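Comments concern the structure below.
The values are calculated or read from the model by the stated rules, or taken from the named source; none is laboratory data. Keep in mind the model is a prediction, meaning the values are calculated, not measured. As a convention, Cβ positions derive from the backbone with ideal geometry for all residues, glycine included, and neighbour counts pool all protein chains shown.
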Amino acid sequence: MMILITSDEQIRQNIPNVLATVEGEPTLIEKLSPFIEQAEEWLAENFTSTEILQAIATVQNSTLKRLCVRVVIMEAFRAAVPSLDLVLTPNGFGIVSNQNIAPASKERVERLMSSLEEIRDSVAENLLLHLSSLSEWQQTAQGNYFASTMFPFLNLCRRLAIREHIWDNYQNLHNRLIKIENVLAETYFSQEQMQVFRSKVLNQSRNCHPLEEQVIRSIQSYVLMLVSDMQVHPQSFYDLVNIIREHEDVFPEWHSSSVAELYTPTVFRNKKNSTGFWF
């Protein structure tokens, strides 16, 4: 059952150059309905959650709804394109054609599908920026997925000079990011402090101390180097740890973590009953 797309008008507002439906022919929404249902499920599963999507659908003229509608239409149309010009006859598949309109070439269809994917990913990137401000979304499985690294937004790919297949590439990078960040947490920054950093990034640095922002940006730049198979000198991380050590009021989570003990030197104290003294 479709919850976002309910009329031909919604589809035609987002897809140019669609001919009007002749009386007796299936409407555009009737042709695309199975693809739209699938696209709405795809959006809910990967970005919004079903509950959040249902809530968004009830609000008229909201930015979130407009973005969700556009993502769904782009994904539905992308999935439908290969079959839109095919008809099933008793003798097999045929191509829809007439004397005035010739079927598009394979190259043009591929360009169209690539363009639809690019628009879908671009709108999804914008959608995530808006979703991140919703506390209820942050509690969903989808919100937790994006919040599990210091790169919760799809602009990660652009920062790595990746221009195509943004969503697919983001998913491929996600697991690598988690592994890299976990090593950095266990070795330098602690899981507790890294979780605070991730929350700050997800909330787009609202109420972020300047020192926090400095450390976050540095860690992000080093993680991008590591995920690109570039080397980072350990001293770069030690320099950040020293900033954290010197500002307990800004980074209390690190100071109360077990990792902090790794950077607390053992102080030798002479005792009267010791068998020897150090001077």
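Return the total of residues in the range 128-173 being part of a loop (DSSP other than H, G, I, E, B), touching a helix residue (DSSP H, G or I) at 6+ places or on another chain (Cβ under 9 Å) and farther than 30 Å from Glu110 by Cα. Selection size over the range 128-173: 7. Taken together, the residues in the range 55-114 that are part of a helix (DSSP H, G or I) and at pLDDT 85 or above amount to 24.
Yes or no, residue by residue, for (1) within 13 Å of the chain's Cα centre (by Cα); (2) not assigned by TED's automatic domain parsing to the domain that holds His247:
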| site | (1), (2) |
| --- | --- |
| Arg111 | no, yes |
| Arg120 | yes, yes |
| Gln139 | no, yes |
| Asn182 | no, no |
| Glu186 | no, no |
| Gln195 | no, no |
| Ser205 | no, no |
| His209 | no, no |
| Glu213 | no, no |
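Being surrounded by 15 or more Cβ atoms within 10 Å (Cβ to Cβ) and either over 27 Å from Ala55 (Cβ atoms) or among the charged types (D, E, K, R) (or both) is a condition met by no residue of the range 141-148. Might you check whether a residue that is under 22 Å from Ala80 (Cβ atoms), modelled with pLDDT of 95 or more and crowded, with 18+ Cβ neighbours inside 10 Å occurs anywhere in the range 170-192? No. Is one or more of the residues making up the range 163-170 out of contact with any Leu (no Cβ under 9 Å at 6 or more places or on another chain) and closer than 19 Å to Leu262 by Cα? No, there is no match, as no residue in the range 163-170 is out of contact with any Leu (no Cβ under 9 Å at 6 or more places or on another chain) and closer than 19 Å to Leu262 by Cα.
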